[in-house]
Amino acid sequence: LTAVSQAGTALVMMFMAPIGLIFDRWGSRNTGTLGAAIAMAGFLIVSLATLGAESGYGDEVDIVFITGTLVCDFGSMLNSFSFMGMIWHFPDKQALLLTLINATYQVSAFLPLVMEAVMHGFGSSLSMVLLAYACVVGAACVVCWFAVPNQQEYYAQAKSVLGMPLPRPPKNVDFCGMIQKAWAVLRMDTRAHMASGAAMTFAFALPYFYASLATGYGEALFGRKEDGTRLAELCTSSNGIVGLALAPFVGSLADSLGLKVFLGAMAIILATCTALCGIGSWAAQIVVACLIVLFMALLNLFMSRYILQYAPPNRFGAVQGLYTMSVMLAAGPVSGVGLSMVDVLPRGPDAYRWPMYAQGIAGTIALSLYAVYYHFNPPPEVPSLLDEDEKEIAKGFGCQSFEEVMEVVRIPTRRDLLKALSNSDPAAMKTLVRSIDPEKMMEVMARRPVEDIAQMMEESPDADEDDDDDIKTGTAELVEVTVKTEATNPTEPLLSTRDELNEEPEEFVMMGVYTSEDDRQRRHSKFVSDPIEMSEVLAEGEVVDAPPSGGQDRVRARADELEAALRTGDKAAVNAYLLECPIDEMLSVSLWQEEHLSDAEMKAMDKQFSKLVPGSEFAKILRQRPELREVVQQAMKRAIQRRVKGAGGSIKSAFGKGKK
């Protein structure tokens with residue numbers, strides 16, 4: 001049973017890449033719920049197989065049992081990975097969260113002991129206990145659905161912590177393309193990965209062998225069947241106790257020691273296990289069992305930290321999955337040789353000792369040699385990037401290459417830029433965002449031909465019609481605000497609540513959300529009696545010329561026309577606005593909207609604009625009317641200014657005033 005479970009775990013490790021893809025595409029809530037449902041199905045299959053074995057159909061249900069075990073492992077891993085969706089909800093405790101996620105596998109080692117106690121206490125069969133536990137896992141599906149953040153919450157929280165939005169999730173699942181790109185990343189440092197993979201392969205052999213054959217080895221070593229059971233229970237309880245006690249400290253241990261010393265410590269632990277594993281003493285076996293659990297925790301952590309130094313952040317999950325899969329595939333034959341030696345050698349303790357000695361010595365030598373190799377061939381200071389990754393990351397800064405990004409964020413070297421981009425510390429990311437210079441970005445864009453800007457618009461994602469409406473989130477005492485579409489009196493407030501009107505208007509449309517009635521009244525006055533502020537703003541050095549006499553009314557009329565076209569979904573009117581409206585008026589309208597509309601209204605209008613005129617169509621209009629590039633540049637500048645402001649930076653606003 002232990003051997004089947006260990007083999008199933010090794011096989012399921014090969015599915016880490018698709019697990020990461022499922023998380024990226026459907027979010028943590030769906031991933032966690034699906035994982036719990038798959039695990040429940042796996043337990044039902046195992047329960048059925050166990051019932052068949054209890055009824056005398058042992059050989060006939062072997063394949064059913066193995067299938068159920070694999071399904072359980074895959075579901076549990078998928079469910080555990082979903083809690084990565086909370087990584088931005090605890091930005092100051094990310095290392096602790098990661099180690100706790102990994103520790104769930106070790107702490108679950110107590111589950112067989114609990115099941116055995118239930119069987120003895122209630123006289124239940126194993127199949128019935130497994131069936132009952134499947135029901136418990138089914139209840140976990142409901143808990144995951146309500147407790148785990150969904151994809152929208154994950155992205156919103158990440159934006160709040162980092163001060164900038166994350167790339168939107170992929171719309172299509174391209175498993176083959178993801179694997180090919182992950183493989184391309186690994187091939188950029190082939191020799192280093194072959195060296196580390198070989199060391200991990202041989203180092204994994206002894207712990208796997210010892211844990212898989214603990215029952216048989218304990219019986220052969222101490223002479224009684226009960227001793228074999230005791231050693232197996234020792235391995236199980238050690239897995240849970242050591243995992244529970246050391247989980248919060250393993251990550252900090254790696255940080256404080258560094259990976260060079262870390263490798264040496266792993267080699268010493270493995271050598272100690274090799275020296276003690278053959279001694280017929282319970283004290284020695286307790287030490288070996290605890291050290292093997294610790295070694296496996298360190299091994300898994302090393303592999304994650306190692307790949308982190310080679311894989312770019314946007315491909316970490318796929319690269320780690322592919323690397324882990326390769327190591328497991330290579331470790332299979334090495335471990336298989338040790339397991340087959342037990343059947344070939346004469347029965348007795350030596351049938352287990354000699355394979356363990358051989359695997360332990362080989363693993364210790366491999367780790368020691370690799371520690372030397374690692375010392376003289378350290379990983380790159382920053383991960384290597386594929387050309388398409390560099391271009392994709394640069395897009396987030398409104399740039400086409402890292403050279404342009406270096407100008408915009410005022411970072412002198414490519415190495416320093418990659419270090420900043422690879423840093424998962426939210427404070428470091430906010431510092432990077434605050435360093436963006438909107439004026440420098442305008443200079444960079446001004447050097448580009450219109451065709452480059454059009455291509456960038458074509459490649460930008462279109463508005464997501466399925467996005468949740470989060471405009472109202474976090475506001476207090478919301479006041480519904482409506483607009484009377486046929487108002488003709490210029491002195492009448494454009495926005496008003498239903499109660500303020502003397503008679504019911506012909507049509508009301510939701511326009512925005514305010515935090516109080518005072519806020520609404522204050523902003524009403526701006527719409528009709530605030531002509532001085534705009535001229536003052538433009539006099540302070542704004543890039544747009546002030547409208548001539550009567551320009552305020554014309555700007556407001558243009559803004560009303562655009563708002564009406566967006567509200568009614570009049571695509572032709574929006575296209576006509578882009579093709580016919582003078583550029584200086586378009587810029588003035590944009591400034592007027594920034595001054596008078598709330599963030600919620602601006603967000604709603606931007607979303608509707610993107611639906612009516614997606615990036616590909618806007619690119620065609622831009623090619624037809626190249627002078628629109630100035631409007632695009634100003635829009636991108638304001639977007640960057642909002643991003644910098646969201647990260648806590650001080651910017652020069654679109655109205656020429658310093659804002660915090």
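The values are calculated or read from the model by the stated rules, or taken from the named source; none is laboratory data. Please read all numbers here as calculations on a predicted model, not as lab measurements. Here the Cβ positions follow ideal geometry from the backbone for every residue, glycine too, while neighbour counts run over all protein chains shown. Each accessible area value is taken on the protein alone, full model and side chains, heavy atoms only, with ligands, DNA and RNA left out. Shrake-Rupley method; radii C 1.70, N 1.55, O 1.52, S 1.80 Å.
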Residues of segment 340-354 being in contact (Cβ under 8 Å) with a residue 60 or more places away in the chain and touching a helix residue (DSSP H, G or I) at 6+ places or on another chain (Cβ under 7 Å), in sequence order, are Val342, Gly348, Pro349, Ala351, Tyr352
Taking the condition modelled with pLDDT of 80 or more, out of contact with any Cys (no Cβ under 7 Å at 6 or more places or on another chain), under 16 Å from Val327 (Cα atoms) and not small (Gly, Ala, Ser), does Thr229 pass?
-> no
* Meets criteria (assigned to a helix (DSSP H, G or I), touching a Pro at 6+ places or on another chain (Cβ under 8 Å), over 20 Å from Phe262 (Cβ atoms) and aliphatic (A, V, I, L, M)) for Leu231 -> no
Note on segment 593-603: residues under 25 Å from Ile453 (Cβ atoms) and either of a type in the set (Gly, Ala, Ser) or within 27 Å of the chain's Cα centre (by Cα) (or both) are Lys603
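For every residue, the table says whether it meets (1) touching a helix residue (DSSP H, G or I) at 6+ places or on another chain (Cβ under 7 Å); (2) open to solvent by 50 Å² or more (accessible area, probe 1.4 Å); (3) part of a loop (DSSP other than H, G, I, E, B).
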{"position": "Gly42", "(1), (2), (3)": "yes, no, no"}
{"position": "Tyr57", "(1), (2), (3)": "no, yes, yes"}
{"position": "Glu60", "(1), (2), (3)": "yes, yes, no"}
{"position": "Leu70", "(1), (2), (3)": "yes, yes, no"}
{"position": "Gly85", "(1), (2), (3)": "yes, no, no"}
{"position": "Ala103", "(1), (2), (3)": "yes, no, no"}
{"position": "Met115", "(1), (2), (3)": "yes, no, no"}
{"position": "Met119", "(1), (2), (3)": "yes, yes, no"}
{"position": "Ser127", "(1), (2), (3)": "yes, no, no"}
Across segment 347-401, the tally of residues that are on the phi > 0 side of the Ramachandran plot and under 23 Å from the mean Cα position of the chain (by Cα) stands at 1
Here the residues within segment 410-419 that are over 24 Å from the mean Cα position of the chain (by Cα) and either part of a helix (DSSP H, G or I) or not hydrophobic (A, V, I, L, M, F, W, C) (or both) are Arg410, Pro412, Thr413, Arg414
Condition set open to solvent by less than 10 Å² (accessible area, probe 1.4 Å) and assigned to a helix (DSSP H, G or I), scope segment 294-317, selection farthest from Thr272 (Cα to Cα): answer is Ile307
Of Ala358, Ala284, the only residue that is in contact with a Gly (Cβ under 9 Å, 6 or more places away or on another chain), without any contact (Cβ under 8 Å) to a residue 12 or more places away in the chain and surrounded by fewer than 20 Cβ atoms within 10 Å (Cβ to Cβ) is Ala284
Only one of Gln641, Gln624, Gln634 is surrounded by 14 or more Cβ atoms within 10 Å (Cβ to Cβ), modelled with pLDDT of 75 or more and not acidic (Asp, Glu), namely Gln634
Picked from segment 179-195 (must be of a type in the set (Val, Ile, Thr) and open to solvent by 30 Å² or more (accessible area, probe 1.4 Å)), the residue modelled with the highest pLDDT is Thr190
Going through segment 209-225 in order, the residues found to be part of a loop (DSSP other than H, G, I, E, B) and farther than 11 Å from Gly348 by Cβ are Leu213, Arg224
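Give segment 266-281 a look and list any residue that's part of a helix (DSSP H, G or I) and either among the basic types (Lys, Arg) or open to solvent by less than 30 Å² (accessible area, probe 1.4 Å) (or both), or say none.
Met266, Ala267, Ile269, Leu270, Cys273, Thr274
Evaluate the following for Gly363: is it touching a residue at least 24 places away in the same chain (Cβ under 8 Å), open to solvent by less than 40 Å² (accessible area, probe 1.4 Å), farther than 19 Å from Ile307 by Cα and in contact with an Asp or Glu (Cβ under 9 Å, 6 or more places away or on another chain)?
no
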